[in-house]
Amino acid sequence: MNKKVLTLIIAILIIAVIGSIIFFTTRTTSNENANNAVEENTREETNTGSKTLILYFSMSGNTQTVANYIHDAIGGDIIRLETVETYPEDYNELVDYAQQEQQENARPELKTTIENIDGYDTIFLGYPNWWGDLPMPIYTFLDEYDLSGKTIAPFITHGGSGLSGTDENIQAEEPDATVTEGLAIYGDDAQNSQSEVEDWLEELGF
């Protein structure tokens, strides 16, 4: 065979091999990038399309601590319920103020607005036990928002009175919602309640 022809054939084969390597390398990289993009989009949809809300009212910080443990365990959105009027910071004044609100069956105006309440399937509702009942801002929330068809999981911090039937009061306010078994955490134990919170979540199927 002519030496020039042989050299040409070898050159063509080398070019073909290099071309194949480049083609498959580019294709693999493109597929990996596409897969990564899909995974990233999925994560973004999961984060922005959350159907779980952790809503809590807290004064001393105990209920907020429990709310954060729930959020750490299951994610979702977390919102602190705040009122237009500021509650007293002094404990004794706060206790008296809360009792007066309860006696008046008051509905404190809420500063917090939840615009996308319809987008949530499950609402973890947290609050302290005030005089054996829900804090009145929680009643305001239940009056202003229709939670029909949703699951409400109450969690409470207390000084020894536990749930005090507040889960039943929530059910009475929202008869078309499903109220789960509630979680009661003694206030002084809130900082060390993470494992108890996680056990409760597991019992609820989270």
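Label point 7 Å out from Val95 along Cα-to-Cβ: which residues of region 168-206 have amide N under 20 Å?
185-190
In what sequence, highest mean first, do 107-117, 139-149, 154-164 appear when ranked by Cβ atoms within 10 angstrom?
Packing order, densest peptide first, comes out as 154-164, 139-149, 107-117.
Determine the percent antiparallel among the DSSP beta bridges restricted to region 50-204, to the nearest 5.
Within region 50-204, antiparallel bridges account for around 10 percent of the total.
In nm, to one decimal, how far is the modelled label at Ser161 from the one at Glu181, with both set 7 Å along Cα→Cβ?
2.4
Which ordering of Tyr127, Tyr91, Tyr69 is given by a fewest-first count of other beta-carbon atoms within 10 Å? Spell out each step's value before the answer.
Values: Tyr127 26, Tyr91 10, Tyr69 23.
By the 10 Å Cβ count, ascending, the order reads Tyr91, Tyr69, Tyr127.
Does region 150-206 classify as rounded, prolate or oblate by the C-alpha gyration tensor (a ≥ b ≥ c root eigenvalues; a/c under 1.5 gives rounded; else a/b over b/c gives prolate, otherwise oblate)? Before the final figure, lay out the partial values.
Details: a/c = 3.45, a/b = 1.38, b/c = 2.51.
The shape class here is oblate.
For Thr178, Thr166, Thr83, what's the fewest-to-most ordering of other Cβ within 10 Å of each Cβ?
Details: Thr178 13, Thr166 24, Thr83 16.
Lowest count first: Thr178, Thr83, Thr166.
Just so you know, all these numbers are worked out from the coordinates, no wet-lab data involved. All figures in this text were calculated on a predicted structure; none of them were measured in a lab. All Cβ positions, even for glycine, are placed from backbone atoms using ideal geometry, and neighbour counts span all protein chains on display.
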